[in-house]
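S.K.: First, the structure itself, so that you have it in front of you.
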Amino acid sequence: MKRGVIRNALATGVAGVLAMGVAAALSSSAGAAASTLGEAAAQSGRYFGAAVAANHLGESQYVTVLNREFNSVTPENEMKWDATEPSRGSFSFGNADRIVSHAQGRGMKIRGHTLVWHSQLPGWVSGLSSANDVRSAMNNHINQVMGHYRGKIHSWDVVNEAFQDGSSGARRQSVFQQRLGDGYIEEAFRTARAADSGAKLCYNDYNIDDANAAKTRAVYNMVRDFKSRGVPIDCVGLQSHFNSQSPVPSNYQQNIQQFAALGVDVQITELDIEGSGSAQADNYRRVVQACLAVSRCTGITVWGIPDHYSWRSSGTPLLFDRNYNKKPAYDAVLAALNGSTGNPPGGGDPTTPPGESCTATISAGQQWSDRFNLSVAVSGTSNWVVTVRVQSPQKVIATWNGSPTWDSSGNVMTMRPNGNGNTFGFTIQHNGNWNWPSVSCAVG
């Protein structure tokens with residue numbers, strides 16, 4: 001995310017509520033609650049980090065809060081291309097090294113941000129005219145920067161913000177896209193794997209928080225394709241910049257889950273939420289609980305420490321005010337982190353509580369120009385009834401592994417088991433509406 005210019009963040013619509021089959025485990029942890037964000041996150045094997053600017057490391061209050069509260073850092077601008085390779089072949093790591101040294105000295109994890117991005121490029125990159133020149137520059141930059149920090153970075157944002165906003169799902173027309181085509185993202189990931197086989201390789205973007213948004217679907221399809229072909233991608237970064245025009249989507253947890261189901265980790269990489277008081281606190285709580293509910297959501301980074309250093313400081317979007325006082329949002333985050341020890345990364349998502357209950361999880365299948373498949377997995381009982389509500393002018397044109405009935409409108413399908421297990425599927429003829437239907441489950 002560019003820090004020098006505040007852009008109109010996250011104009012996405014919320015396209016319906018999906019009933020998720022994963023619920024946060026909210027029982028109190030054994031023993032005393034942790035008193036800091038990093039310690040509380042570590043109880044479930046996660047990190048809680050902050051974006052850090054090297055020029056603030058001389059400020060005592062800034063460093064005190066950083067060292068006390070966080071167990072991961074992301075250099076805010078210091079690892080971007082204009083900072084690390086301002087002229088071709090001439091690398092400068094001083095400010096980034098300062099952050100890395102500070103973090104290593106305190107046992108903090110370090111996220112690398114970012115290697116290939118259309119913004120904050122030095123002029124010489126944008127001026128490259130041939131595909132061979134761009135390819136050579138991109139691969140050399142990845143190799144040199146990752147090589148310098150090999151073994152020190154737990155996750156790299158290899159490619160950042162490669163898709164356009166809006167409903168097209170198209171690739172952004174960066175110098176990399178224009179000269180190299182769609183294949184540049186795959187090439188960047190393959191180069192990055194060779195440069196540091198121990199680091200997790202992430203694709204990072206904004207406006208991919210709503211599970212049904214066109215941009216989210218485009219990134220989802222890319223990741224699914226990469227995983228099916230063995231392209232080395234380990235994680236997806238959700239930037240998660242929210243405000244009143246772009247609130248936390250109601251299907252945010254489902255979105256985390258659908259990416260995790262592809263076999264990648266999910267990291268919330270640049271979290272900030274404009275607002276104040278209890279409303280801001282509630283939004284932060286929802287985001288944290290959504291991450292805790294999915295085992296492959298491995299950590300959260302807030303994009304800054306005090307409000308006045310935020311890239312959108314007028315919206316007071318962070319956990320500490322300009323005097324470094326803890327805000328209600330801080331208290332909400334700490335309570336949420338302390339409220340769940342677990343669904344630890346890699347440990348499996350929470351199961352249904354004892355007794356008869358029912359949860360339904362929806363996931364994507366094949367898609368064509370005029371239709372797409374979805375599947376629903378039911379857990380908690382074999383005596384289930386699932387209600388699927390499509391959005392006009394959509395129509396369900398095929399089903400399998402269940403017994404459907406319909407209401408008079410044809411928009412509400414009630415599915416019951418037919419002896420073929422607890423997973424069923426259906427095909428939607430979208431008629432121009434690509435949004436997923438809502439799904440709810442009840443014991444039959």
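The values are calculated or read from the model by the stated rules, or taken from the named source; none is laboratory data. As the structure is a prediction and not an experimental result, all values here were calculated from the model. Cβ coordinates were reconstructed from backbone atoms using ideal geometry, including for glycine residues, and neighbour counts include every protein chain displayed. We work out accessible area using only protein heavy atoms, side chains counted, and drop any ligands, DNA or RNA first. Shrake-Rupley method; radii C 1.70, N 1.55, O 1.52, S 1.80 Å.
S.K.: Please work out which one of (1) open to solvent by 20 Å² or more (accessible area, probe 1.4 Å); (2) farther than 28 Å from Ser375 by Cβ is the condition Glu186 fails and give its number.
M.R.: (2)
S.K.: Now a separate question. Within the stretch 219-255, track down each residue that is in contact with a Ser or Thr (Cβ under 9 Å, 6 or more places away or on another chain) and among the hydroxyl-bearing types (Ser, Thr, Tyr).
M.R.: Scanning the stretch 219-255 gives Ser240, Ser246, Tyr252.
S.K.: Moving on. Residues that are modelled with pLDDT under 95, farther than 16 Å from Val125 by Cα and not in a helix (DSSP H, G or I): does the stretch 171-185 have at least one?
M.R.: Looking through the stretch 171-185, at least one residue is modelled with pLDDT under 95, farther than 16 Å from Val125 by Cα and not in a helix (DSSP H, G or I).
S.K.: A follow-up question, please. Within the stretch 225-232, can one find any residue that is over 17 Å from Val116 (Cα atoms), in a helix (DSSP H, G or I) and in contact (Cβ under 8 Å) with a residue 12 or more places away in the chain?
M.R.: Within the stretch 225-232 (the criterion being over 17 Å from Val116 (Cα atoms), in a helix (DSSP H, G or I) and in contact (Cβ under 8 Å) with a residue 12 or more places away in the chain), the answer is yes, since at least one residue qualifies.
S.K.: Let me ask something else. Quick check on my filter: what residues within the stretch 392-405 are open to solvent by less than 60 Å² (accessible area, probe 1.4 Å) and under 31 Å from the mean Cα position of the chain (by Cα)?
M.R.: Once the filter is applied, which keeps residues that are open to solvent by less than 60 Å² (accessible area, probe 1.4 Å) and under 31 Å from the mean Cα position of the chain (by Cα), the stretch 392-405 yields Gln394, Val396.
S.K.: Checking the condition under 30 Å from Gln173 (Cβ atoms) and either modelled with pLDDT of 95 or more or touching a Phe, Trp or Tyr at 6+ places or on another chain (Cβ under 8 Å) (or both), which residue from Gly147, Gly127, Gly151 passes?
M.R.: Just a single option satisfies the conditions, and that option is Gly147.
S.K.: Just checking, how many residues over the stretch 94-117 are open to solvent by 60 Å² or more (accessible area, probe 1.4 Å) and under 25 Å from Phe189 (Cβ atoms)?
M.R.: Result for the stretch 94-117: 1.
S.K.: Which pairs do you get when a residue that is farther than 22 Å from Pro232 by Cβ, found in the stretch 167-186, comes within reach of a residue that is part of a helix (DSSP H, G or I), reach meaning Cβ atoms under 6 angstrom, with the pair 6+ apart or on two chains?
M.R.: Hits for this filter: Ser167/Ala214; Gly169/Ala214; Gly169/Ala218; Val175/Ser126; Arg179/Ala131; Arg179/Val134.
S.K.: Sticking with this structure for a sec: Quick one: is Thr427 polar (S, T, N, Q), closer than 23 Å to Gln258 by Cβ and open to solvent by less than 30 Å² (accessible area, probe 1.4 Å)? Write out each step before concluding.
M.R.: Details: polar (S, T, N, Q): yes; closer than 23 Å to Gln258 by Cβ: yes; open to solvent by less than 30 Å² (accessible area, probe 1.4 Å): yes.
Considered against the rule, which asks whether it is polar (S, T, N, Q), closer than 23 Å to Gln258 by Cβ and open to solvent by less than 30 Å² (accessible area, probe 1.4 Å), Thr427 comes out as yes.
S.K.: Please determine whether any residue of the stretch 214-221 is in a loop (DSSP other than H, G, I, E, B), modelled with pLDDT of 95 or more and in contact with a helix residue (DSSP H, G or I) (Cβ under 9 Å, 6 or more places away or on another chain). Break it down stepwise before answering.
M.R.: Going through the stretch 214-221, the residues in a loop (DSSP other than H, G, I, E, B) turn out to be none.
The answer is no, given that none of the residues of the stretch 214-221 is in a loop (DSSP other than H, G, I, E, B), modelled with pLDDT of 95 or more and in contact with a helix residue (DSSP H, G or I) (Cβ under 9 Å, 6 or more places away or on another chain).
S.K.: Taking strands (runs of 3 or more DSSP E) that do not extend beyond the stretch 397-444, which have at least 1 residues that are closer than 22 Å to Ser369 by Cβ?
M.R.: 423-429
S.K.: Show the residue pairs meeting these rules: Cβ distance below 6 Å; 6+ apart or different chains; first residue within the stretch 190-206 and outside any strand (DSSP E or B); second residue of a type in the set (D, E, K, R).
M.R.: Between residues of the stretch 190-206 that are outside any strand (DSSP E or B) and residues that are of a type in the set (D, E, K, R), the close pairs are Asp196/Arg150.
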